[in-house]
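Q: Mind having a look at this structure? Questions to follow.
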Amino acid sequence: MDILDELELVSAEHRQEVENEYKAQKNYDEAIVTSASENSKKLVYVTFYTHSDKKIVQMYLSEKHALEQISEKVAELLPTIQWRVFSGKFGNSLKTIHVLRFSGTQSQADFEFTSSHQVCNSIKRTPICKFYYLLVRLERLHPVRFDDQEANCDECHQKIFGHRYKCTECADFDICQKCEAKSLHPEHAMLRIVRKGTTRIPNYITSNAPRYVFPSVY
C-alpha cells in the first residue's frame, strides 16, 4: 500500500488537499473533534458503491447519528431508488472493492448496518496519510408488489402476481392468469381474486379451505 492507493479513498476534489497535508506533516488528529459529547464528529471519506458505480464523499460523522447521516447521504446521491446499506471491504488491493450480491450468507465482514455504533466501528484509518475512511456497499431495496397474491400457481408452480384464480371446489388449488387463459383445470369453476382485501371471498370458499390458505379471515 502506498500514498497513491490511499488517495483513491479520497474524493477527487479533496485529494490535493490531503496530499498537501501529508507532505506538510500535519497531524490529522487536528481535524477530529474528540469531545466526549454526543455531538462529537469525525472527518471521514465515505465510499458509497454499488455493483456498477461508486461515489466518494467527505462527511463529518457523529457517533450518535452516523447511520442516519449515511442513509440521508445515500438518498441525496441516488434519490430515485431505495437502498440497503452494508459494510464494504476491499479485494487484494485498495483499488479493488469487493462487490458481493446479497444472499444472506456473506462473511461477517460484510453485514447490513443497523446502528450508528456499527457504522463507527467500521471506520478505518490509513497508515500513511492518517485520514479516516468508510466503505459502504449499497443493495437495491426491492419494493413489495401490491399485486403479490402470496400464493403459488399449482399448474406452473410460479409465484402468482396479478389475478389469482381459486378453485371453488378444491380445498387448496390456485392458478395464475396465464394458466387460466389456457383453460387449465376446466373441470371446476374458478373464483377470480383481484387483490387481497379487495375481492370479497364467499364464506363457503374460506370454510372449505385450510386455515393457511386464507389466514386473514381467521
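Q: Taking only segment 154-179 into account, find how many residues are outside any strand (DSSP E or B) and not β-branched (Val, Ile, Thr).
A: Step one: list which residues in segment 154-179 are outside any strand (DSSP E or B), which gives 154-158, 162-163, 168-173, 176-179.
Of the ones still in play, those that are also not β-branched (Val, Ile, Thr) are 154-158, 162-163, 169-173, 176-179.
The number of residues fulfilling the criteria is 16.
Q: Here is a further query. Going by what's in this entry, would Ile70 be described as assigned to a helix (DSSP H, G or I), among the β-branched types (Val, Ile, Thr) and either surrounded by 10 or more Cβ atoms within 10 Å (Cβ to Cβ) or at pLDDT 85 or above (or both)?
A: Numbers: assigned to a helix (DSSP H, G or I): yes; among the β-branched types (Val, Ile, Thr): yes; either surrounded by 10 or more Cβ atoms within 10 Å (Cβ to Cβ) or at pLDDT 85 or above (or both): yes.
Yes, satisfied.
Q: While we're looking at this one, here's another question. Return the residue satisfying two criteria in turn: it lies in segment 136-180 and is modelled with pLDDT of 90 or more and of a type in the set (Val, Ile, Thr), and of such residues it is farthest from Leu77 (Cα to Cα).
A: Ranking the qualifying residues of segment 136-180, first place goes to Ile175.
Q: Which one of these does Ser183 not meet: (1) outside any loop (DSSP other than H, G, I, E, B); (2) modelled with pLDDT of 75 or more?
A: Checking Ser183 against (1) outside any loop (DSSP other than H, G, I, E, B); (2) modelled with pLDDT of 75 or more, the one that fails is (1).
Q: On to the next question. What is the one condition in (1) modelled with pLDDT of 85 or more; (2) hydrophobic (A, V, I, L, M, F, W, C); (3) within 32 Å of the chain's Cα centre (by Cα) that Met190 does not satisfy?
A: The single condition Met190 does not satisfy is (3).
Q: Of the conditions (1) part of a loop (DSSP other than H, G, I, E, B); (2) at pLDDT 90 or above; (3) more than 15 Å from Cys120 (Cβ to Cβ), Lys55 satisfies every one except a single condition; which number is it?
A: (1)
The values are calculated or read from the model by the stated rules, or taken from the named source; none is laboratory data. What you are looking at is a predicted structure, and each value in this text was computed from that prediction instead of being measured. Neighbour counts are summed over all protein chains in view; Cβ atoms, including those assigned to glycine, are modelled from backbone coordinates with ideal geometry.
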